[in-house]
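The values are calculated or read from the model by the stated rules, or taken from the named source; none is laboratory data. A quick note: this is a predicted structure, and the numbers were derived from the prediction, not measured. All Cβ positions, glycine included, derive from the backbone under ideal geometry; neighbour counts span all protein chains shown.
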Amino acid sequence: MSIHTDAQTIIQEALTACLPDQAVRRALEGRTFGAGRVFLVAVGKAAWQMAHCAARLLGDRLEAGVVVTKHGHSRGEIPRCAVYEGGHPVPDENSFRGTRAAMELVENLTAEDTVVFLVSGGGSALFECPLIPAEELSHLTQAMLACGADIVEMNTVRKRLSAVKGGRFAQLCAPARVFSIVLSDILGDPLDMIASGPAYPDQSTCAQAQAVAEKYRLPLSPQARALLQEETPKALDNVETVITGSVRELCAAASAACRRLGYEPVLLTDQLCCQAKEAGSFLASIARTHQDTQKSLAFLAGGETVVLLTGQGKGGRNQELALSAAQGIAGLADTLIFSLGSDGTDGPTDAAGGLVDGSTKDRLEAAGLTIHQVLAENDAYHALDRVGGLIRTGPTGTNVNDVAVALIKR
């Protein structure tokens, strides 16, 4: 098989292995939830897939449910559940509508009732009831994305501007019990940061939130500044949490696929956190160093990079990583680098990521494009699309960060 066929196989097998169905099944099997009613709330990019599995397992025990996922990520109806699709990475009115439905669902519950709460990445935008005007929240979210703030910094601020983040949704559910099943998309699996921790005690402080605001000079109104000084719940006595998946599983699945195809896999890190174009340059350097190898090699890096916006183009962190790598591997034979988001959507695009090889740079230049200029404009999507370098999987049903792989085939 060609190196490109190998890459597609690795992508497919890694994503399939990380679908949340088995994890949700393991968490729910054998649980009876007592004599009270059982409700279901699922939020995030993987919400539909998680809820579909949970509803099937709960069967007639399920009273009602609300699912809030990203536009295009729903795959149909789920018994007894209302499904909403909202905006990501910036919340929209559909996000607010779905969140209000979930809040109404958990009103007036008793201590005998249980809320099965399914959480996945993307919930910070999709599960939102803002305490400031929606337009201000949108501008603030866009400002944090543009300045390169990482997900922990963003969520430290956002949870203080929300009626459901930072443990506040669990308070709304009380006195009912909350059984939370979490699919992690943040390095180190900090439960208070995944989807901004709607049902987990907040470990961040007001001082940290204010420091983020000052660091990036965020455009905060007096109302927002006042909210940053209000502390979030630091203890919750009605919640049990199980974490079901993370980027480590994604890297392990990709490594297994590489090995099966004859590559010797080397996991560089599952904690990648830097600018996307720097990560791409680093992976390309690794690939150049090992060109004299007599065996096929695969170098893997899992995590989540960031993009510093300097232009007005279209793209995502994985596309920018791949395009940056194309510069470094230009002219190398049987060498390929790809990077993709496990949820199937990279930034505000229909692509999961990007894939480049030793010929990508020349093909871009033949089309009148230079990598440096494209990166300056943050327009990786259109550039990679011109040379067939976009990875398109469609929404995958999972969300456990990103994985980048450098392949050298011998």
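Examine the stretch 368-387 for a residue that is among the acidic types (Asp, Glu) and part of a helix (DSSP H, G or I), and state whether such a residue exists. Checked the stretch 368-387: at least one residue is among the acidic types (Asp, Glu) and part of a helix (DSSP H, G or I). Just one of the listed residues (His71, His52) is farther than 20 Å from Tyr200 by Cα, touching an Asp or Glu at 6+ places or on another chain (Cβ under 7 Å) and free of Cβ contacts under 8 Å to residues at least 60 places away in the same chain, namely His71. Apart from one condition, Gln22 fits all of (1) in contact (Cβ under 8 Å) with a residue 24 or more places away in the chain; (2) not assigned by TED's automatic domain parsing to the domain that holds Leu109; the exception is (1). Could you say whether any residue in the stretch 229-251 is among the aliphatic types (A, V, I, L, M) and exposed (fewer than 15 other Cβ atoms within 10 Å of the Cβ)? Yes, the stretch 229-251 contains at least one residue that is among the aliphatic types (A, V, I, L, M) and exposed (fewer than 15 other Cβ atoms within 10 Å of the Cβ). With respect to the conditions (1) touching a strand residue (DSSP E or B) at 6+ places or on another chain (Cβ under 9 Å); (2) surrounded by fewer than 24 Cβ atoms within 10 Å (Cβ to Cβ), Gly311 lacks only one, and its number is (1).
For the stretch 215-227, the count of residues that are surrounded by 21 or more Cβ atoms within 10 Å (Cβ to Cβ), farther than 17 Å from Phe338 by Cα, in contact (Cβ under 8 Å) with a residue 24 or more places away in the chain and more than 20 Å from the chain's Cα centre (by Cα) is nonzero. I'm told Cys206 meets every condition in (1) at positive phi; (2) touching a Leu at 6+ places or on another chain (Cβ under 8 Å); (3) surrounded by fewer than 24 Cβ atoms within 10 Å (Cβ to Cβ) except one. Can you identify the failing condition by its number? It fails just one condition, (1). Determine whether Arg31 is modelled with pLDDT under 95 and more than 21 Å from Ser342 (Cα to Cα). Judged against the criteria, Arg31 is a match. Taking Thr114, is it of a type in the set (Val, Ile, Thr), within 23 Å of Ile194 (Cα to Cα), modelled with pLDDT of 95 or more and under 21 Å from the mean Cα position of the chain (by Cα)? No: the conditions fail for Thr114. Screening Ser339 on (1) surrounded by fewer than 24 Cβ atoms within 10 Å (Cβ to Cβ); (2) assigned to a strand (DSSP E or B); (3) polar (S, T, N, Q) shows it passes everything except condition (1).
Given the criteria touching a residue at least 24 places away in the same chain (Cβ under 8 Å), outside the structural domain of Val182 (by TED's automatic domain parsing) and out of contact with any Phe, Trp or Tyr (no Cβ under 7 Å at 6 or more places or on another chain), does Gln312 qualify?
Details: touching a residue at least 24 places away in the same chain (Cβ under 8 Å): yes; outside the structural domain of Val182 (by TED's automatic domain parsing): yes; out of contact with any Phe, Trp or Tyr (no Cβ under 7 Å at 6 or more places or on another chain): yes.
Judged against the criteria, Gln312 is a match.
Scanning the stretch 355-373 turns up no residue that is touching an Asp or Glu at 6+ places or on another chain (Cβ under 8 Å), buried (at least 23 other Cβ atoms within 10 Å of the Cβ) and in the same structural domain as Leu323 (by TED's automatic domain parsing).
Got at least one residue in the stretch 37-44 being touching a residue at least 40 places away in the same chain (Cβ under 8 Å), assigned by TED's automatic domain parsing to the domain that holds Met103 and either touching a Ser or Thr at 6+ places or on another chain (Cβ under 6 Å) or over 19 Å from Arg177 (Cβ atoms) (or both)? Show your work before the answer.
Just the residues of the stretch 37-44 that are touching a residue at least 40 places away in the same chain (Cβ under 8 Å), to begin with: 37-44.
Narrowing further to those that are assigned by TED's automatic domain parsing to the domain that holds Met103: 37-44.
Restricting the remaining residues to those that are either touching a Ser or Thr at 6+ places or on another chain (Cβ under 6 Å) or over 19 Å from Arg177 (Cβ atoms) (or both) gives 38, 44.
Yes, some residue in the stretch 37-44 is touching a residue at least 40 places away in the same chain (Cβ under 8 Å), assigned by TED's automatic domain parsing to the domain that holds Met103 and either touching a Ser or Thr at 6+ places or on another chain (Cβ under 6 Å) or over 19 Å from Arg177 (Cβ atoms) (or both).
Looking only at the stretch 350-367, count how many residues are in contact with a strand residue (DSSP E or B) (Cβ under 8 Å, 6 or more places away or on another chain), closer than 26 Å to Lys70 by Cβ and in a loop (DSSP other than H, G, I, E, B).
Filtering the stretch 350-367 down to residues in contact with a strand residue (DSSP E or B) (Cβ under 8 Å, 6 or more places away or on another chain) leaves 351-358.
Pick out the ones that are also closer than 26 Å to Lys70 by Cβ and you get 351-355.
Still in the list and also in a loop (DSSP other than H, G, I, E, B): 351-352.
So the answer is 2.
Scan Arg259, Arg225, Arg288 and give me the residue that is part of a helix (DSSP H, G or I) and outside the structural domain of Ala352 (by TED's automatic domain parsing). Show your work before the answer.
On the way: Arg259 fails: outside the structural domain of Ala352 (by TED's automatic domain parsing); Arg288 fails: outside the structural domain of Ala352 (by TED's automatic domain parsing).
Matching residue, one of Arg259, Arg225, Arg288: Arg225.
Here's the yes/no breakdown for (1) surrounded by fewer than 24 Cβ atoms within 10 Å (Cβ to Cβ); (2) modelled with pLDDT under 95; (3) in a loop (DSSP other than H, G, I, E, B):
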| site | (1), (2), (3) |
| --- | --- |
| Thr99 | no, no, no |
| Glu104 | yes, no, no |
| Glu128 | no, no, yes |
| Leu137 | yes, yes, no |
| Val157 | no, no, no |
| Lys165 | no, no, yes |
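Checking the structure you have, find out if any residue of the stretch 238-251 is modelled with pLDDT of 95 or more, over 18 Å from Val24 (Cβ atoms) and part of a loop (DSSP other than H, G, I, E, B). Yes: one or more hits.
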